[in-house]
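Notes to accompany the following structure.
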Amino acid sequence: MSKTRIILDCDPGHDDAVAIMMAARHPDIELLGITVVAGNQTLQKTVTNALKVCQHLDINVPVYAGSARPLVKDPIHAEFIHGKSGLDGPAFAPLTRRPEPMHAVSFIIKTLMQSEGDITLVPTGPLTNIALAMRMEPRIINKIRQIVLMGGSAGAGNITPAAEFNIFADADAAKIVFESGLPIVMCGLDVTRQVRCYQEVIDRMAQLGNKASTLFKEMMEFYNQTQLTAFHLVGGPLHDPVTIAYLIDNSVLELNYCNVNIDNRSEVSYGRTNCDLINFWKKEPNVHVATGVNVERFWDIVESCLALY
Ligand code: RIB
Ligand code: CA
């Protein structure tokens, strides 16, 4: 079977870091590049964190710095979850890895335009880089195989009652992406809140006894503390890796093809993904919304990826 060729666009971020670890080593995935966007922390910190993970685990994938801020609105970060560095918890050796000189958006455009149209974009942060690429070079629309993203929620949000963080952080960018006409799989809070990294999950992964499993443990033990403090959640939801698990085994998710509208206008519901799961408004479907996840299969996939280090 040919590998799934992807560009991972992320804002590390503890869960983004696990997504990097999974995508970098799985035999069915070819990770062409890691593009980084501001989100969980400032761009300088999210780029540093992507480089730290790659250096720590000898992941030889190029890292590209992208947009430092949303298209229109002011930046928002999630220090209350990911800490001052954006990846608090583990101690890393002094960083020697550097980002590539090319801007992330230019890398996305160049790579897509030179491809046979077989590349999947996997955004796990705000959609600013993806939207900029679509606006700078509209011809990439016909070169993107599909978009598998973490973001949104058919139900309640996590940064406001209405909105999930990645969409809320740049709803204007999200509107561009969701209305692009491309096949989109939305791994939203409806499924990511079901994959909770309980202590027994951490203990299970730690038993692998390699650098990746140790890093997983150190990251998740910090992440769980902030999730408990911020959301009273025991076991943090491991949001971003759901995208990679889906690429590895599509059967891990149940999808509902429906119309999703991004609210980038209202005050109270700004950043909401309005998912018409029952097709009430009879609008054209545009997104495959994940409504169910096989939690046991998900953790088996995570474990199998960490075991590859
Ligand atoms: O709402 C969760 C999402 O926002 C995750 O991607 C997390 O890393 C943050 O980017
Ligand atoms: Ca993220």
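The values are calculated or read from the model by the stated rules, or taken from the named source; none is laboratory data. This one's a predicted model, so the numbers in the text were calculated from it and none came from an experiment. With ideal geometry, Cβ positions are generated from the backbone for all residues, glycine too; neighbour counts draw on all protein chains shown. When the accessible area is computed, the model is the full protein with side chains, heavy atoms only, and any ligands, DNA or RNA have been set aside. Shrake-Rupley method; radii C 1.70, N 1.55, O 1.52, S 1.80 Å.
Suppose we filter G188, G155, G151 for residues that are modelled with pLDDT of 95 or more, surrounded by 24 or more Cβ atoms within 10 Å (Cβ to Cβ) and touching a helix residue (DSSP H, G or I) at 6+ places or on another chain (Cβ under 6 Å); which single one remains?
G151
The set of residues in the range 218-239 being in contact with an Asp or Glu (Cβ under 8 Å, 6 or more places away or on another chain) and open to solvent by 30 Å² or more (accessible area, probe 1.4 Å) consists of F222 alone.
When you check L8 against the structure, is it of a type in the set (A, V, I, L, M, F, W, C) and within 16 Å of ligand 1 (Cβ to nearest atom), yes or no? Criteria met by L8.
Scan the range 207-216 and tell me whether some residue there is buried (at least 16 other Cβ atoms within 10 Å of the Cβ) and among the charged types (D, E, K, R). No, the conditions are met nowhere in the range 207-216. Of the strands (runs of 3 or more DSSP E) entirely within the range 1-75, those holding at least 3 residues that are open to solvent by less than 20 Å² (accessible area, probe 1.4 Å) occupy 4-10, 29-36. Taken together, the residues in the range 240-268 that are surrounded by fewer than 15 Cβ atoms within 10 Å (Cβ to Cβ), over 18 Å from the mean Cα position of the chain (by Cα) and not in a strand (DSSP E or B) amount to 5. Scanning the range 132-160 for residues that are of a type outside the set (A, V, I, L, M), under 23 Å from L255 (Cα atoms) and assigned to a loop (DSSP other than H, G, I, E, B) turns up G151, G152, S153, G155, G157, N158.
Filter the range 176-191 for residues that are of a type outside the set (D, E), in a helix (DSSP H, G or I), under 17 Å from the mean Cα position of the chain (by Cα) and more than 14 Å from ligand 2 (Cβ to nearest atom) and give the result. Once the filter is applied, which keeps residues that are of a type outside the set (D, E), in a helix (DSSP H, G or I), under 17 Å from the mean Cα position of the chain (by Cα) and more than 14 Å from ligand 2 (Cβ to nearest atom), the range 176-191 yields V177, F178, V191. Of all the residues in the range 230-239, those that are assigned to a loop (DSSP other than H, G, I, E, B) and either aliphatic (A, V, I, L, M) or closer than 13 Å to G292 by Cα (or both) number 3.
Determine, yes or no, whether G89 is in contact with a Gly (Cβ under 8 Å, 6 or more places away or on another chain), touching a residue at least 60 places away in the same chain (Cβ under 8 Å) and open to solvent by 10 Å² or more (accessible area, probe 1.4 Å). Even if it seems obvious, please write down each step before you answer.
Working: in contact with a Gly (Cβ under 8 Å, 6 or more places away or on another chain): yes; touching a residue at least 60 places away in the same chain (Cβ under 8 Å): yes; open to solvent by 10 Å² or more (accessible area, probe 1.4 Å): yes.
The answer is yes for G89.
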